[in-house]
Amino acid sequence: MTDSYAARHYGDRAQGYVASTVHGQGSDLDRIEHLVAGKDLRRVLDLGCGGGHVTYRLAPHVEEVVACDVTAPMLEAVTQEAARQGLDNVTTLQAPAEELPFEAGTFDAAFCRFTTHHWSDALAGLREARRVLAPSGMALFIDVTAPSLALLDSWLQSMELLRDISHVRNYSSAGWTAFLGQAGFALEAFQTHRLRMDFASWVARTKTPTERVMAIRSLQQAAPEEVKHYFGIEADGSFMIDVGSFQVAPL
């Protein structure tokens, strides 16, 4: 299952995600580092590690970080960047979130940032994260959240899919809360913030073909005023998205 649809499309994007400003910065990364600093954490999981930005923040504070992703070139890029930063406690492993090759209770903490929207079965992936987490462990899931209003949700999903055909779905905050409960987690804290997506770099990271870039711009320009206002669509196509952070513990 490692030869997934998402993996096939992300193989040649690895370096772009390591270098991505959106992925490499943010208050959510500061929060992750704050959660682990000063704690006695032995082994932690960066699930769907992508360019490895969570891994690089975790590594100085824990004994070992396992960076897990379905895309081999992403893991190669993370290995190289970790070595460049002198982080010798980073291990990489290729696996889909829905089928993690770890024993139950393996990790003291698990972190997952901007990746769940690519999973073919989000609930299965969350259940696997719960399974491999120690009973006293903690987890933090961060991802783009969809608006609850159907009109806005449809426009967001349409832009996302045109930009990246491996996109599955951005879930609403209510959907996330339901999934987490079904997976065996108790929600301890929830935060949300808005994030500006620079259009040019947004489509460049995924190497979106020109015809689909034009389709996104056409959609944006023809959008109802309610959609334009909610997403703050700018003249160059840049726009705002909602990001949710869900801190949980095993039930």
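The values are calculated or read from the model by the stated rules, or taken from the named source; none is laboratory data. Since the model is a prediction, treat every value here as computed from it, not as a measurement. Counting neighbours? That spans all protein chains shown, and the Cβs are built from the backbone with ideal geometry, glycine included. Heads up: the accessible areas ignore ligands, DNA and RNA and are worked out on the full protein's heavy atoms, side chains in. Shrake-Rupley method; radii C 1.70, N 1.55, O 1.52, S 1.80 Å.
Of note:
- The lone exception for LEU100 - which of (1) out of contact with any helix residue (DSSP H, G or I) (no Cβ under 6 Å at 6 or more places or on another chain); (2) assigned to a loop (DSSP other than H, G, I, E, B); (3) over 24 Å from ASP28 (Cα atoms); (4) touching a residue at least 24 places away in the same chain (Cβ under 8 Å) it fails: (1)
- Taking segment 71-84 as the range and being outside any helix (DSSP H, G or I) and modelled with pLDDT of 95 or more as the test, no residue passes.
- In segment 105-191, counting only helices (runs of 4 or more DSSP H) that sit wholly within it, the ones holding 2 or more residues that are touching an Asp or Glu at 6+ places or on another chain (Cβ under 9 Å) and free of Cβ contacts under 8 Å to residues at least 40 places away in the same chain span 122-132.
- Criterion (modelled with pLDDT under 95, more than 19 Å from MET197 (Cα to Cα) and either of a type outside the set (A, V, I, L, M) or touching a His at 6+ places or on another chain (Cβ under 7 Å) (or both)) met by exactly one of SER120, SER136: SER120
- Candidate set: segment 199-212, residues that are within 22 Å of the chain's Cα centre (by Cα) and in a helix (DSSP H, G or I); chosen: the one modelled with the lowest pLDDT: ARG205
- When segment 192-212 is filtered for residues that are open to solvent by 30 Å² or more (accessible area, probe 1.4 Å), at negative phi and touching a residue at least 40 places away in the same chain (Cβ under 8 Å), the ones remaining, listed by number, are THR192, HIS193, ARG194, LEU195, ARG196, ASP198, SER201, ALA204, ARG212.
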